[in-house]
Amino acid sequence: MRGDGMQAAMLPQTSFSRFAHRVSAALRACQFTAPSAGEARVIVFDSAPWWPLRDDAAGLLCAYEANRAARFRHALDHDTYTVAHAFWRVALGVVMNADPAEVELTRSPNGQPLLPGSGLATSLSHSGTMVAVAIGRGTAIGVDIEGFPSRTSLHDIASVLCSRREAEAMSMLDVGARSRALLELWTRKEAVLKAFGVGLRVPPSTIEVDAGSTIEPPVEAAGASACRVFPLAMPVSWLGSLALSCDIGGYSLHHV
Ligand SMILES: CC(C)(COP(=O)(O)OP(=O)(O)OC[C@H]1O[C@@H](n2cnc3c(N)ncnc32)[C@H](O)[C@@H]1OP(=O)(O)O)[C@@H](O)C(=O)NCCC(=O)NCCS
């Protein structure tokens, strides 16, 4: 689904970051625009081609993000984190018509990203060098991506992931189909638990997340909005899901 009548992916003239201007040009090229009420946008990109601009990207991070980036031991993790968060800030800057470095991106005590007073919800996922950013004009959003096949044996964690009914359905599948179905289920549950703001504090086996149906929040997320979850069309070797609160009716996907 695509929005219409949209503001082009432009940043305010006050932003002089080379990284920010390159990213906003890339967002324009993939038709990214600010979501209207009840709409969401998802951006999927590989962070690796942006690593040469890591120093410039780092200039957009807040003190919290810069501290977290500095704690990574491996350059790959540091650069992916830096580029992912700077890219996220540029996309938010475009949507909010704000300097990316000035976007007020905070976190709940559980780690959920928040944009106070904006009417926007946002979510981030990274797996390897791949990154997904989701921004919705509505109450809640959650995104999760994973590389497929998974490096972790999902068969071993099926009991943590699946409800009894889901486990029974999985047991009917052959090994190859089960691996894919388990990872798809994993991304759906993580996306929903992110939209609820609790993440893996809620055991995934305790919720069921059928695609398209309305999912009520568990008691641990009392007060969160019910949501629905959708599969994302990802590049080969990737799977992803998007959870949207029920006041967000549509989304568009932008591959940079
Ligand atoms: C949210 C969570 C499921 C994501 O795990 P993941 O698949 O390894 O990582 P992803 O890249 O897909 O997502 C990470 C992003 O989710 C977001 N996130 C973290 N906690 C979140 C929460 N409670 N709700 C919504 N989003 C959350 C953050 O933006 C984070 O990125 P950042 O830390 O780089 O800013 C996991 O971090 C979690 O459950 N956190 C909260 C509970 C917790 O700390 N549990 C301890 C381990 S059981």
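The values are calculated or read from the model by the stated rules, or taken from the named source; none is laboratory data. Since this is a predicted model, take the numbers as computed values, not measurements. Backbone-built Cβ (ideal geometry, glycine too); neighbour counts: all protein chains shown. In case anyone asks, the SASA skips ligands and DNA or RNA and just uses the protein heavy atoms, side chains included. Shrake-Rupley method; radii C 1.70, N 1.55, O 1.52, S 1.80 Å.
Remark: SER123 falls outside the filter, which requires a residue to be free of Cβ contacts under 8 Å to residues at least 40 places away in the same chain and either more than 9 Å from the ligand (Cβ to nearest atom) or within 22 Å of the chain's Cα centre (by Cα) (or both). Name every residue in the stretch 80-99 that is open to solvent by less than 20 Å² (accessible area, probe 1.4 Å), more than 10 Å from the ligand (Cβ to nearest atom) and of a type in the set (Gly, Ala, Ser), in order of residue number. If the condition is that a residue be open to solvent by less than 20 Å² (accessible area, probe 1.4 Å), more than 10 Å from the ligand (Cβ to nearest atom) and of a type in the set (Gly, Ala, Ser), then ALA86, ALA91, GLY93 are the ones that fit. Within the stretch 211-256, being open to solvent by 10 Å² or more (accessible area, probe 1.4 Å), in a loop (DSSP other than H, G, I, E, B) and in contact with a Lys or Arg (Cβ under 8 Å, 6 or more places away or on another chain) holds for ALA211, GLY212, SER213, THR214, CYS246.
Screening the candidates ASP55, ASP77 for the property of being open to solvent by 60 Å² or more (accessible area, probe 1.4 Å) and within 19 Å of the chain's Cα centre (by Cα) yields one hit, ASP77. Number of residues in the stretch 187-210 that are part of a helix (DSSP H, G or I) and open to solvent by 40 Å² or more (accessible area, probe 1.4 Å) equals 5.
Please specify each residue of the stretch 130-160 satisfying the condition of being over 30 Å from GLY117 (Cα atoms) and more than 12 Å from the ligand (Cβ to nearest atom).
Going through the stretch 130-160, the residues over 30 Å from GLY117 (Cα atoms) turn out to be 146-160.
Within the stretch 130-160, PHE148, PRO149, ARG151, SER153, LEU154, HIS155, ASP156, ILE157, ALA158, SER159 qualify.
For the stretch 222-256, the set of residues classified as polar (S, T, N, Q) and at pLDDT 95 or above consists of SER225, SER241, SER245, SER252, listed by residue number. PRO109 fails exactly one of the following numbered conditions: (1) touching a residue at least 40 places away in the same chain (Cβ under 8 Å); (2) open to solvent by 30 Å² or more (accessible area, probe 1.4 Å); (3) within 10 Å of the ligand (Cβ to nearest atom). What is the number of that condition? Here PRO109 clears every test but (1). Candidates ARG164, ARG137, ARG178, ARG151: the one that is free of Cβ contacts under 8 Å to residues at least 12 places away in the same chain, in contact with a helix residue (DSSP H, G or I) (Cβ under 9 Å, 6 or more places away or on another chain) and open to solvent by 20 Å² or more (accessible area, probe 1.4 Å) is ARG164.
Only a single item in (1) over 25 Å from PRO235 (Cα atoms); (2) modelled with pLDDT of 95 or more; (3) open to solvent by less than 40 Å² (accessible area, probe 1.4 Å) is not met by PHE72, and it is number (3).
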